[in-house]
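The values are calculated or read from the model by the stated rules, or taken from the named source; none is laboratory data. Given the structure is predicted, the values throughout are model-derived calculations rather than measurements. Please note: Cβ atoms are built from the backbone with ideal geometry, for glycine as well, and neighbour counts cover all protein chains shown. Quick note on the areas: whole protein, heavy atoms, side chains included, nothing else; ligands and nucleic acids left out. Shrake-Rupley method; radii C 1.70, N 1.55, O 1.52, S 1.80 Å.
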Amino acid sequence: MRRKHMEVVKGRGYVYSIQYHIVWCVKYRRDVLNGKVSTRLKELLTRISKDNGFQILEMNMDEDH
């Protein structure tokens with residue numbers, strides 16, 4: 001996905017930006033996160049992010065994770 005600017009929240013006496021790096025490894029590192037599964041997973045994660053009001057800055061699917 002295209003990289004977006006990170007949101008920085010500012011208030012009186014505070015500034016923050018919360019970010020997570022999530023890595024999923026499938027059991028026995030089987031090659032299942034590809035093709036239609038990869039496409040559908042990206043669609044679901046994008047919808048979840050929109051429904052819950054957070055941004056996905058980057059999303060990749062590699063052979064290892």
(message) List the residue pairs whose Cβ atoms are under 6 Å apart, where the first residue sits in the stretch 12-35 and is closer than 19 Å to Glu58 by Cα, the second is of a type in the set (A, V, I, L, M), and the two are 6 or more positions apart or on different chains.
(response) Ser17/Met6; Ser17/Val8; Leu33/Met61
(message) Tell me yes or no: at least one residue of the stretch 16-28 is in a helix (DSSP H, G or I) and loosely packed, with under 11 Cβ neighbours inside 10 Å.
(response) yes
(request) Go through the stretch 45-65 and give me each residue that's modelled with pLDDT of 85 or more and open to solvent by 60 Å² or more (accessible area, probe 1.4 Å). (result) Arg47, Ile48, Lys50, Asp51, Asn52, Gly53, Phe54, Gln55, Glu58, Asn60
